[in-house]
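The values are calculated or read from the model by the stated rules, or taken from the named source; none is laboratory data. All values reported here derive from a predicted model rather than from experimental measurement. Don't worry about glycine lacking a Cβ; one is built from the backbone with ideal geometry, like all the others, and counts go over all protein chains shown. Calculation scope for accessible area: heavy atoms of the full protein, side chains included, ligands and nucleic acids excluded. Shrake-Rupley method; radii C 1.70, N 1.55, O 1.52, S 1.80 Å.
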Amino acid sequence: MDPGEAAILESSLRILYRLFAPLSPLPAALPGRMNVIDHVRDMAAAGLHSNVRLLSSLLLTMSNNNPELFSPSQKYQLLVYHADSLFHDKEYRNAVSKYTMALQQKKALSKTSKVRPSTGNSASTPQSQCLPSEIEVKYKMAECYTMLKQDKDAIAILDGIPSRQRTPKINMMLANLYKKAGQERPSVTSYKEVLRQCPLALDAILGLLSLSVKGAEVASMTMNVIQTVPNLDWLSVWIKAYAFVHTGDNSRAINTICSLEKKSLLRDNVDLLGSLADLYFRAGDNKNSVLKFEQAQMLDPYLIKGMDVYGYLLAREGRLEDVENLGCRLFNISDQHAEPWVVSGCHSFYSKRYSRALYLGAKAIQLNSNSVQALLLKGAALRNMGRVQEAIIHFREAIRLAPCRLDCYEGLIECYLASNSIREAMVMANNVYKTLGANAQTLTLLATVCLEDPVTQEKAKTLLDKALTQRPDYIKAVVKKAELLSREQKYEDGIALLRNALANQSDCVLHRILGDFLVAVNEYQEAMDQYSIALRHSPFSCLMAATLQNSAN
């Protein structure tokens, strides 16, 4: 062999030794040399997941064919890195399988070795490698289970982590999972643990408030950070505002958030505007709700949160072209959120394509089982398709998720009325009246049920009068009062009521009903004028309203 060939051979052997030295029975790599596991770890850290997947798969096969090739700690690392690459590719079941194998390998390693994670910069050896955290592996497994909608398995794997070893993100995931499962006490405990470690975890604060923890108690957990960190004087007001939100006190919540939003440092905050829009919607003030949603959308054209409610409001107004454009825009942003599917579903529902709306609502729920608007959409579609019992299930789930939202109860009560279950509707309406308080919305809802029973007509009239005393511009109350006056053939009173309601607002339904009343008193020319105004406002919405009223009659 000539010197040149010998040099090439020596160089090749050195390269192979550098790559696979730790895989041989030799006890360690040469000082300063990287082994193949180091390369896998570096690629994983660099985000080269597809490369990690290919190489780790080959190396694991080599290990299976020759168990002596890798040390136990090296095989544990390979399994974790391979599972991580599968997780990145959204192959969650396969990832869980590999994570499980990794934990089994780690358990065996703990029994046979005293290897501990190293944070130093010493040479890579089987005894001094920085092993992936076993707790992090369990967290990743729980993430896989949640993506597979196996929440019980996710809770079980996280519950197995000792309390002292739980990081804030583990406690946060546990809190959310417990809350979803209806286990309020452990959920509160986990949220509080998150705040103990991270006192500015605002989503954990919202979680506690949603579980009826008093705002003052939550605020006390953040007092130290408010006093020591500059420019956080707004936080106590923020907590107070969302405490009102979760107790259903929409009026005080609106006033408090408005006071926050007017402060120079928080002006034009998209999250606060979205909350305001949602609160106006809950309070039945659809006009201001739409205005706030539009303001938030202008500030952030990629906004998705809350756009399902915005789309619903536009659809109710008959602005179906705007709804269609909104849906297309949201799909271009992300089709992995429930909102674009709900918006498209609203377009289908108000176009009377109920089967299509049902499909889109189901798709939205598949993406986010906690989407209240998706549940309401699917429930409404099922109800209109005559599948009332299935609709009831969806409205009940919406109530469980959003007990302070009146529209959830309205949907359920409409189902009861559709199936002639007036007694159940009356019980539910009375419960809503007691729990959410005597406001224009709850009074109108109770009156709506009372109108279905001839015995309670007078009670309905009293309730509607109270509602209109509180809010003379509340459209639902005006419509129901007009319906009652129409039954009694008190057309002049109805005309006066509708003119008064239309003095400070314009609504196509009110204009159409006013036209009907004017026809009844032979005022045909003015009736035509009212119908024309209604059609200019929203032709489709008015036609829908007329169709629904005729079918009801």
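How much length is gained if the chain between L266 and N332 is pulled fully straight, taking 0.36 nm per residue apart and subtracting their Cα-Cα distance, in nm to one decimal? Could the numbers behind the result be given before it?
Values: separation 66, 0.36 × 66 = 23.76 nm, distance 2.90 nm.
Between L266 and N332, full extension yields an extra 20.9 nm.
Sort the stretch 185-284 into rounded, prolate or oblate with this rule: let a ≥ b ≥ c be the square roots of the eigenvalues of the Cα gyration tensor; rounded if a/c is under 1.5, and if a/c is not under 1.5, prolate when a/b is larger than b/c, oblate otherwise. Could you put the intermediate results ahead of the total?
Numbers: a/c = 2.19, a/b = 1.25, b/c = 1.75.
Oblate shape, in that a/c is at least 1.5 and b/c is the bigger or equal ratio.
Ranked highest first by average number of other Cβ atoms within 10 Å, how do 259-272, 78-91 line up? Numbers along the way, then the final one.
Details: 259-272: 13.8, 78-91: 21.8.
Ranked by mean Cβ neighbours within 10 Å, highest first: 78-91, 259-272.
Nearest 500 deg cm²/dmol is fine: what mean residue ellipticity at 222 nm does the chain get from its DSSP H runs of n ≥ 4 alone, each adding -39,500 (n - 2.57), divided by its residue count? Kindly include the intermediate steps, with their values, before the conclusion.
Working: 31 runs with 401 residues, N = 553.
It lands at -23000 deg cm²/dmol.
In nm², what is the average projected area of the convex hull enclosing the Cα atoms of the stretch 384-496?
Values: hull surface 29.2 nm².
Here the figure is 7.3 nm², rounded to one decimal.
Which of rounded, prolate or oblate describes the stretch 469-529 when judged by the alpha-carbon gyration tensor and an a/c cut-off of 1.5? Write out the running numbers ahead of the final one.
On the way: a/c = 2.12, a/b = 1.31, b/c = 1.61.
Since a/c reaches 1.5 but b/c is at least a/b, the shape of the stretch 469-529 is classed as oblate.
Given a 1.4 angstrom probe, I'd like the percentage of the accessible area of the chain that is carbon and sulfur, rounded to a whole number. Let's see the in-between values first.
Values: 15110 of 28300 Å².
Carbon and sulfur together cover 53 percent of it.
Note down the magnitude of the dipole of the chain about its Cα centre, charges +1 on Lys and Arg C-beta and -1 on Asp and Glu C-beta and zero elsewhere, to the nearest 20 debye. Working shown, then result.
Values: 63 positive and 55 negative charges, 337 e Å.
Value, rounded to 20: 1620 debye.
So if we plug the beta-carbon distance of E458 and L299 into 1/(1 + (r/R0)^6) with R0 = 56 Å, what FRET efficiency do we get, rounded to 0.05?
Details: r = 49 Å, r/R0 = 0.88.
The pair E458/L299 has a calculated efficiency of 0.70.
Taking the inverse of the average 1/r across all pairs of different Cα atoms in the chain, what Kirkwood radius in Å do you get? Write down the numbers at each step before the final one.
Working: mean 1/r = 0.0358 Å⁻¹.
Taking the inverse mean of 1/r over all distinct Cα pairs, the chain comes out at 27.9 Å.
I'd like the Kirkwood hydrodynamic radius of the stretch 265-321, using the inverse of the mean 1/r over distinct C-alpha pairs, in Å. Present the calculation step by step, with values, prior to reporting the outcome.
On the way: mean 1/r = 0.0889 Å⁻¹.
That comes to 11.2 Å for the stretch 265-321.
Determine the gain in length on full extension of the stretch N64-T469; use 0.36 nm per residue of separation and subtract their C-alpha separation, reporting nm with one decimal. Walk me through the numbers on the way to the answer.
Numbers: separation 405, 0.36 × 405 = 145.80 nm, distance 7.92 nm.
Full extension from N64 to T469 adds 137.9 nm.
May I ask for the angle, rounded to the nearest 10°, between helix 307-316 and the longest principal axis of the chain, with both axes built from Cα atoms and the value confined to 0 to 90°?
Value to nearest ten degrees: 20.
Can you work out the FRET efficiency for the pair D38 and S259, with r the C-beta to C-beta distance and R0 = 60 Å, to the nearest 0.05? Write down the numbers at each step before the final one.
Working: r = 56 Å, r/R0 = 0.94.
Efficiency computed from Cβ-Cβ geometry: 0.60.
Using a 1.4 angstrom probe, figure out how much accessible area the stretch 70-109 has per residue, in square angstrom, rounded to the nearest whole.
Details: 1550 Å² over 40 residues.
So the stretch 70-109 comes to 39 Å² accessible per residue, rounded to a whole number.
Mind pulling the angle between the C-alpha long axis of helix 36-45 and the longest principal axis of the chain? Nearest 10 degrees, somewhere in 0 to 90.
Long axis of 36-45 versus the principal axis of the chain: about 20 degrees.
I need the Debye-formula profile for the stretch 270-425: one equal scatterer per C-alpha, no solvent, reported as log10 I(q)/I(0) at q = 0.10, 0.19 1/Å, two decimals.
Treating every Cα as an identical point scatterer, log10 I(q)/I(0) equals -0.32, -1.18.
Given a 1.4 angstrom probe, what's the average accessible area per residue across the stretch 252-310, in square angstrom?
On the way: 2890 Å² over 59 residues.
Per residue, the stretch 252-310 has 49 Å² of solvent-accessible surface.
Mean shadow of the stretch 306-360, computed from the convex hull of its alpha carbons, in nm²? Provide the component values of the computation, followed by the final result.
Numbers: hull surface 12.7 nm².
Seen from a random direction, the Cα hull of the stretch 306-360 projects 3.2 nm² on average.
How much length is gained if the chain between L291 and Y524 is pulled fully straight, taking 0.36 nm per residue apart and subtracting their Cα-Cα distance, in nm to one decimal? Don't skip to the end; give the middle numbers.
Values: separation 233, 0.36 × 233 = 83.88 nm, distance 3.54 nm.
This chain segment gains 80.3 nm when fully extended.
Treating the angle as unsigned and between 0 and 90°, give the value, to the nearest 10°, between the Cα long axis of helix 491-502 and the longest Cα principal axis of the chain.
The helix 491-502 is inclined about 40 degrees to the chain.
Do the alpha carbons of any pairs in K152/K214; K90/K152; K75/K140; K107/K140; K434/K476 sit beyond 23 Å of each other, and which pairs? Kindly include the intermediate steps, with their values, before the conclusion.
Working: K152/K214 29 Å; K90/K152 20 Å; K75/K140 18 Å; K107/K140 17 Å; K434/K476 20 Å.
Violating the 23 Å Cα-Cα cut-off are K152/K214.
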